[in-house]
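K.L.:
Attaching a single structure in C-alpha cells format; questions to follow.
The values are calculated or read from the model by the stated rules, or taken from the named source; none is laboratory data. Computed from a prediction, not measured in an experiment: that's the story for all the values here. Because the Cβ atoms are built from the backbone with ideal geometry, glycine has one as well, and the counts that use them run over all protein chains shown.
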Amino acid sequence: MLLMIKFSKNIFQVDTKQHILLVVNPKSGSNDKSDLIDMVRQKIQEKDWILDTFETSGENDAWKIEDQIKAITPDRILVAGGDGTINLVAHILKDYDIPIGIIPAGSANGLAHNLELPDELEAQVDVALGSNFIKIDHLKVNGHTCLHISDLGLNAELIENFENSNIRGKFGYLLQSIPTLIKSDSPFEFTIEISGKTIQQTGILLAIANAKRYGTGATINPQGRIDDGKFEVLIFKTFDTLEILKTLYDEANLNPEFAECYSTENVVISSHTPIPLQIDGEPMDKVLKVEASIYDHQLRVAIP
C-alpha cells in the first residue's frame, strides 16, 4: 500500500492507494484479453489505485512475477487466466501474505466454479477487487502447488491430448474425449499409502481433490471442502456412464462400486507402469510415484 503524505498550513493528510498487480495469461482460453485488461484498468482508475500488468510468456514466468512482487510490493494480485495460471501465482505466494483476485479466463476454470465466481466479466472484476475473502488450502503434489484437483489416469490423458490439439475451450475437450477413451492404457494398478495403511486398487482414474468439482461441472468429490485442512483421494474403478452422469448434480453421492474416497493430509501413490499426471489442468510427465500433502500456509482469495 502506497502512502502519500501532503502538508498544508495546518492540515496533515495521508492518501492511501492500493497497488494492484494484474497477471494475465494471453494464451489461456479462447478469447482475446484486451477487453479484460481495459475493464480492470477502468475499475482501478475509478478507485484511484495503482495498476501494474504482467503478461505470461511461458518462459521463466515464476521468476519474473516474483521479481515484480519484490519490486512493487503489491497489496493484491489479480490473476486472469485458467487454473494453471492461478496455480503459478499461488505457488509463489506460499511465501507471501498477499491476497489474490481471480478473473476466470481459461478453458475450464475449475477453481472459479468451486468458488462460485460470477460468469459476467464486470462482476468478476468487482469480486476480484472486493473486500470479501476466504482462506483456502493448497497442496504440494510432487513439489508442485495444487489448488483444485490433480489426477492420474484417464482425465490426465485427456488433458494431455487436448494440450496437443489446436482447438481450445470445452469443445476441444469434447473432441478429444472419444479418441482418448479408445487409446487409453486404463485400467491402471495403484498402490496407495494413506493413514498408516497400504491399499492396492485398480481403476481408470485416481483423483487428489482439494475441491468438489471439475471445471466441466462434474462433482467428483461431493464431501470435499477447500478450506478444511484436508484433501480427498478418490479411486474411480470403472467407466460407468450412469454414475458419470450423476456427477453432474451437486449433491451426487458416489456409489462405492464405482468409486472409493479417503480423506487425508498426505498420501503416497505408486504404480509399476508410468501413468499420466495432471495438476490443476496442466499435464505433467508420466510418473511412477506421486507424493501429496497439505501446505501449512493458506491462500487468501477474493470471493462473492
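K.L.:
Of the conditions (1) more than 20 Å from A218 (Cα to Cα); (2) not in a helix (DSSP H, G or I), A108 clears all except one; give me its number.
P.N.:
The one condition A108 does not meet is (1).
K.L.:
If you don't mind, another one. Against the definition (at pLDDT 90 or above and either crowded, with 18+ Cβ neighbours inside 10 Å or of a type outside the set (D, E) (or both)), how does T16 come out, yes or no?
P.N.:
Judged against the criteria, T16 is not a match.
K.L.:
Looking at V287, V268, V301, which is the one that is outside the structural domain of I192 (by TED's automatic domain parsing) and either β-branched (V, I, T) or in contact (Cβ under 8 Å) with a residue 60 or more places away in the chain (or both)?
P.N.:
V301
Rundown of residues vs (1) among the acidic types (D, E); (2) at pLDDT 85 or above, yes/no style:
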| site | (1), (2) |
| --- | --- |
| D119 | yes, yes |
| S131 | no, yes |
| N155 | no, no |
| D185 | yes, no |
| F190 | no, yes |
| Q200 | no, yes |
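K.L.:
For residues that are in a strand (DSSP E or B) and either of a type in the set (D, E) or closer than 17 Å to G224 by Cα (or both), tally how many sit in the range 253-278.
P.N.:
8
K.L.:
Take T247 and tell me if it is at pLDDT below 85 and crowded, with 17+ Cβ neighbours inside 10 Å.
P.N.:
On the way: at pLDDT below 85: yes; crowded, with 17+ Cβ neighbours inside 10 Å: yes.
When the stated conditions are applied, T247 passes them.
K.L.:
Checking the conditions here, which among Y262, Y214 is in contact with a strand residue (DSSP E or B) (Cβ under 8 Å, 6 or more places away or on another chain) and at pLDDT below 90?
P.N.:
Of Y262, Y214, the one residue that is in contact with a strand residue (DSSP E or B) (Cβ under 8 Å, 6 or more places away or on another chain) and at pLDDT below 90 is Y214.
K.L.:
Report whether or not D97 is of a type in the set (D, E, K, R) and either at pLDDT below 90 or under 23 Å from I72 (Cβ atoms) (or both).
P.N.:
Considered against the rule, which asks whether it is of a type in the set (D, E, K, R) and either at pLDDT below 90 or under 23 Å from I72 (Cβ atoms) (or both), D97 comes out as yes.
K.L.:
Criterion first (surrounded by fewer than 18 Cβ atoms within 10 Å (Cβ to Cβ) and of a type in the set (G, A, S)) does A105 satisfy it? Outline the logic, then answer.
P.N.:
Values: surrounded by fewer than 18 Cβ atoms within 10 Å (Cβ to Cβ): no; of a type in the set (G, A, S): yes.
The answer is no for A105.
For every residue, the table says whether it meets (1) outside the structural domain of G224 (by TED's automatic domain parsing); (2) under 19 Å from K17 (Cα atoms); (3) within 12 Å of the chain's Cα centre (by Cα); (4) of a type in the set (A, V, I, L, M, F, W, C).
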residue: D61; (1), (2), (3), (4): yes, no, no, no
residue: P74; (1), (2), (3), (4): yes, yes, no, no
residue: I86; (1), (2), (3), (4): yes, no, yes, yes
residue: Y96; (1), (2), (3), (4): yes, no, no, no
residue: N114; (1), (2), (3), (4): yes, no, yes, no
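K.L.:
Which condition does S131 not pass, out of (1) part of a loop (DSSP other than H, G, I, E, B); (2) over 18 Å from P304 (Cα atoms), if it passes all the others?
P.N.:
Among (1) part of a loop (DSSP other than H, G, I, E, B); (2) over 18 Å from P304 (Cα atoms), S131 violates only (2).
K.L.:
Can you tell which of I102, I86 is modelled with pLDDT of 95 or more and over 13 Å from M39 (Cβ atoms)?
P.N.:
After applying the criteria, what remains is I102.
Quick grid of which residues meet (1) surrounded by 15 or more Cβ atoms within 10 Å (Cβ to Cβ); (2) of a type in the set (S, T, Y); (3) more than 15 Å from I103 (Cβ to Cβ); (4) in contact (Cβ under 8 Å) with a residue 40 or more places away in the chain:
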| residue | (1), (2), (3), (4) |
| --- | --- |
| V23 | yes, no, no, yes |
| K33 | yes, no, no, yes |
| I37 | yes, no, no, yes |
| Q42 | no, no, no, no |
| I50 | yes, no, yes, yes |
| F54 | yes, no, no, no |
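K.L.:
Taking the range 262-294 on its own, how many of its residues are among the β-branched types (V, I, T) and closer than 16 Å to T202 by Cβ?
P.N.:
3
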